[in-house]
Amino acid sequence: MRVQSKNARWLIPWLFLAPALIVFTWFKFIPIIKGLIMSFYKVKFVGADQWVGLANFERAFSDTALHAAVLNTLIYVITTTLVGGIFAFAVALALEGQARHIRLIRTAIFFPAVTSIAVLAEIWRILFYPGADGVVNQILGVFGVAPQGFMSNPDQALYIVILLQIWKNVPYNMVIFIAGLAGINRELYDAAAVDGASAFRKLWHVTIPGLVPAFSVVIMLSLIRGFRVFTEIYTTTGGGPANATEVIMTSIFKTGFEKFDYGYAAAVSFMLFAFTVCLTILHVTVKNRIDRT
């Protein structure tokens, strides 16, 4: 009877997990495996697929269009991670506390994080309309600045979309930092005050070290979001103008669903997946070493 009871306790959690595991397996894990298999073929719509081995992967290293998309992605990732992280940290410091008005402000600021990206993209197109009657251009006109092209200007489009990503992610990262601030021992601030530490010293020696786990989470999430960004680009510029905002994911999408080169698109997708996994492992390894020291 005891053996049966132990088996039942082991089996019951898996029974609850089974529906989700089946859905994930069917719609996520099986497509990943099929995509990996597809990356070794030249997919044909008529007749059998042609085995090409590693040719699709080798092609990625000589594809100049993909290289440009990778460069844009790196600019996107670095800028959104650094600038977005700093802004989120500053906002979290400003809005730390339990006062009612602060909670209301935090709630208002958090709205972009839960708003559909399609809605945000439409707002961005209205704000940064390139004509003289655009909202931002009208504001700039007050200061004597000529109308700007914004998302229609190849030199400005990527940074305007980056601004959208920062605006959307800052509230989410802010919540992570506020949670980290709540976990810092307040006695450390009292001890620092007794020692005559200035506000900057408290920030540098108490707050920032106490937020290392929060910084770790924010950086990792920002990196993953940045390298896999698609919707923000596709709904605003579609990768244009003149491929100025083309990133890895939009390049994969166009290769697969516009050029119908599924094998090559699958190969690049798997390379991005492998890179993301390696980046996550590296981040966790570095974090663990820092925690041990």
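Here are a few things to note about the model shown:
- Counting only whole DSSP H helices of the chain, the ones at least 27 Å long by C-alpha along their axis and with mean Kyte-Doolittle hydropathy no lower than -0.5 are 2-24, 64-94, 157-182, 262-292.
- Estimated FRET transfer efficiency when R0 is 30 angstrom, pair F275-A90 (beta carbons, to 0.05): 0.50
- Taking only protein heavy atoms and a 1.4 Å probe, the accessible area of the chain is 70% carbon and sulfur.
- For the chain, built as a Gaussian network whose Cα springs stay under 10 Å, the top-fluctuating residue of I248, I30, I166: I30
- With the alpha-carbon atoms of segment 148-293 aligned to their principal axes, the span from lowest to highest coordinate is 67, 40, 20 Å, starting with the largest.
- For the chain, the relative contact order comes to 26 percent (Cα pairs under 8 Å, sequence separation of at least 6).
- Gain on full stretching of the segment that runs from D195 to V212 - 0.36 nm per residue minus C-alpha separation: 3.8 nm
- Normalised by 2.2 N^0.38 Å, where N counts its residues, the alpha-carbon radius of gyration of segment 124-196 equals 1.84.
- Between S116 and Q138, the modelled labels are 2.6 nm apart [label points 7 Å from Cα along Cα→Cβ].
- Neighbourhood charge, 13 Å Cβ-Cβ cut-off, centred on S116 and excluding it, Lys, Arg +1 and Asp, Glu -1: -1
- With coordinates expressed along the principal axes, the C-alpha atoms belonging to the chain extend over 82, 78, 34 Å, beginning with the largest.
- Within-13-Å neighbourhood charge of H283 [Cβ basis; K, R +1; D, E -1]: +1
- Residues whose amide H comes within less than 5 Å of that of Y41, counting only those at least five positions distant or on another chain, are V52 (H built at 1.01 Å from N in the peptide plane).
- For K44, the lysines whose Cα comes closer than 22 Å to its Cα, not counting residues fewer than 8 places off in the same chain, are K34, K254, K259.
- Coil-residue chymotrypsin sites (Phe, Trp or Tyr not before Pro) of segment 63-154, DSSP, other Cβ within 10 Å capped at 16: F143
- If the chain linking A108 and L36 were pulled fully straight, counting 0.36 nm for each residue of separation and taking away their Cα-Cα distance, it would gain 21.6 nm.
- Contact order, relative form, for segment 100-256: 25 percent (alpha carbon pairs under 8 Å, 6 or more residues apart, mean separation divided by residue count).
The values are calculated or read from the model by the stated rules, or taken from the named source; none is laboratory data. Remember, predicted model here, so these are calculated numbers, not experimental data. Cβ coordinates were reconstructed from backbone atoms using ideal geometry, including for glycine residues, and neighbour counts include every protein chain displayed. In case anyone asks, the SASA skips ligands and DNA or RNA and just uses the protein heavy atoms, side chains included. Shrake-Rupley method; radii C 1.70, N 1.55, O 1.52, S 1.80 Å.
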